[in-house]
Structure formats: C-alpha cells, structure tokens
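The values are calculated or read from the model by the stated rules, or taken from the named source; none is laboratory data. Keep in mind that what you see is a predicted model, and the values were worked out from it rather than measured. Counting neighbours? That spans all protein chains shown, and the Cβs are built from the backbone with ideal geometry, glycine included.
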Amino acid sequence: MKFFLGSQSPRRKELLSAMGYEFEVLIPTVDEIFPETLSPYLVSKYISNLKLNALIPQIDKDCFLICADTIVLLENEILGKPKDRIDAVKMLNKLSGKTHEVITGVSLYYKDKKIDFSEITSVSFKSLSDDEISYYIDLGDAFDKAGSYGIQDWIGTIGIQSIEGSYTNVMGLPTQQLQLEITKLLA
C-alpha cells in the first residue's frame, strides 16, 4: 500500500519515518482560513480536513493519506507561525512563564473512508529572559513553527518546565494516537 503525507513539515516527515512508514510527500495548497465562530479547539482539525480534501483528488483511493495541522493556544488566542522577528519575540514573551496548549488535528483517508481526530498537550514554559528569546530567534528555528518554537529545539531544551500529554504532538504529529487510528482505518 502506498502512503502519502500531506505536509512539508520536516518534523512530521521525521516522525512518520520513525514510525516505520515509507511515504511520499504531497504539499496541499489551501488557504488556512477558518470560520471566526469556530472553537479554537476545532481549528487544527478543520484545517487538516481542508488539506486532506484538497489532496484526495491527487491520489488513488487505495492509497493512504495523512494530513495534519498544529496550533498553539494560549488563553484562547491562537498563536500561528510568526510573520517576522518582532512577531516571534511577541509570541515567545506571551508564552514565557505560562502554560499553553498545543493542538494537532489529523485527518486520514483510505478507500473512501475518512477519520479525523485531534490531540491536546499542555506545555509549561519557565520565564524566559530577553537574551534567551533573542538567542533562540537568532538561531533561525522560530520561523516555521506555530507559537514560534519547537520543543525539540534549543528553546525547548532550556525553557520547557513540563509537558502533560504527547511529546510528539508538540512536534506536530501525535504518533501514538496516529498509529491507533491508522490501524482502525486499515481494519
């Protein structure tokens, strides 16, 4: 069976490979716009479905397609990818000393069947100094990630006090739940 990952995220590619899957990458071209009235807890699943529906016509129905979207939610505010350095500094200052949620929505397709789910992980940052934030941003790792950080990056190593839930979810793909859902869809 042929697997496709509908994402260009290097972390999702790495995690899916670590799960033992061989796959090809498809890049969905969708506007990641969602209804303003949608609960923030449903946004990532909504966007992962947009990606899935955009890619389904590009594959045979006996192929397996995986799409995902990750958001960072702090006090009911969605923190997406930063637009620039100033935006990254603002986001990291907001996250500093607080607990936020990382929500990944995942959508799966196989033989005209779809499954979607989301995973929520709570992440607590210590208070970050201005120097720590600047150093991290200077490394260049903040710009392609929701909330301006990667848990696997330097800032995660020195700044995250605790997590409750799936570590791989914070990286962008909740691998344990994904494996359960893949097994269900293939059954």
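Of all residues in the stretch 97-132, which are over 17 Å from Pro40 (Cα atoms), without any contact (Cβ under 8 Å) to a residue 60 or more places away in the chain and surrounded by fewer than 18 Cβ atoms within 10 Å (Cβ to Cβ)? Within the stretch 97-132, Gly97, Lys98, Lys111, Asp112, Ser124, Lys126, Ser127, Ser129, Asp130, Asp131, Glu132 qualify.
Could you grab me the full set of residues in the stretch 133-166 that are part of a helix (DSSP H, G or I), crowded, with 16+ Cβ neighbours inside 10 Å and among the aromatic types (Phe, Trp, Tyr)? Show your work before the answer.
If we filter the stretch 133-166 for residues that are part of a helix (DSSP H, G or I), which is where we start, we get 133-139, 146-148, 154-159.
Add one more test, that the residue is crowded, with 16+ Cβ neighbours inside 10 Å, and what stays is 133, 136-137, 146-148, 155-156, 159.
Hit for the stretch 133-166 is Tyr136, nothing else.
Scanning the stretch 18-65 for residues that are loosely packed, with under 15 Cβ neighbours inside 10 Å, within 28 Å of Asn76 (Cα to Cα) and free of Cβ contacts under 8 Å to residues at least 24 places away in the same chain yields Asp31, Ile33, Pro35, Glu36, Thr37, Leu38, Ser39. Considering only residues that are closer than 10 Å to Ser107 by Cβ and in a strand (DSSP E or B), look in the stretch 26-69 and name the one that is nearest to the chain's Cα centre (by Cα). Per the stated criteria, the residue is Asp69.
How about the stretch 99-131: which of its residues are part of a helix (DSSP H, G or I) and in contact with a helix residue (DSSP H, G or I) (Cβ under 9 Å, 6 or more places away or on another chain)? Quick ask: steps written out before the conclusion?
At the first step, the residues of the stretch 99-131 found to be part of a helix (DSSP H, G or I) are 130-131.
Matches in the stretch 99-131: Asp130 only.
Does the stretch 170-180 contain at least one residue that is assigned to a loop (DSSP other than H, G, I, E, B), in contact (Cβ under 8 Å) with a residue 60 or more places away in the chain and on the phi > 0 side of the Ramachandran plot? Can you show your working first?
To start, the set of residues in the stretch 170-180 that are assigned to a loop (DSSP other than H, G, I, E, B) comprises 172-174.
With the extra rule that they be in contact (Cβ under 8 Å) with a residue 60 or more places away in the chain, the set shrinks to 172-174.
Retained after the next criterion (residues that are on the phi > 0 side of the Ramachandran plot): 172.
Within the stretch 170-180, one or more residues are assigned to a loop (DSSP other than H, G, I, E, B), in contact (Cβ under 8 Å) with a residue 60 or more places away in the chain and on the phi > 0 side of the Ramachandran plot.
Is at least one residue of the stretch 89-98 more than 27 Å from Glu164 (Cβ to Cβ), touching a helix residue (DSSP H, G or I) at 6+ places or on another chain (Cβ under 9 Å) and either part of a helix (DSSP H, G or I) or not polar (S, T, N, Q) (or both)? For the stretch 89-98, residues more than 27 Å from Glu164 (Cβ to Cβ), touching a helix residue (DSSP H, G or I) at 6+ places or on another chain (Cβ under 9 Å) and either part of a helix (DSSP H, G or I) or not polar (S, T, N, Q) (or both): absent. In the stretch 130-143 there is no residue matching the filter, namely being within 21 Å of Pro10 (Cα to Cα), at pLDDT 95 or above and of a type in the set (S, T, N, Q).
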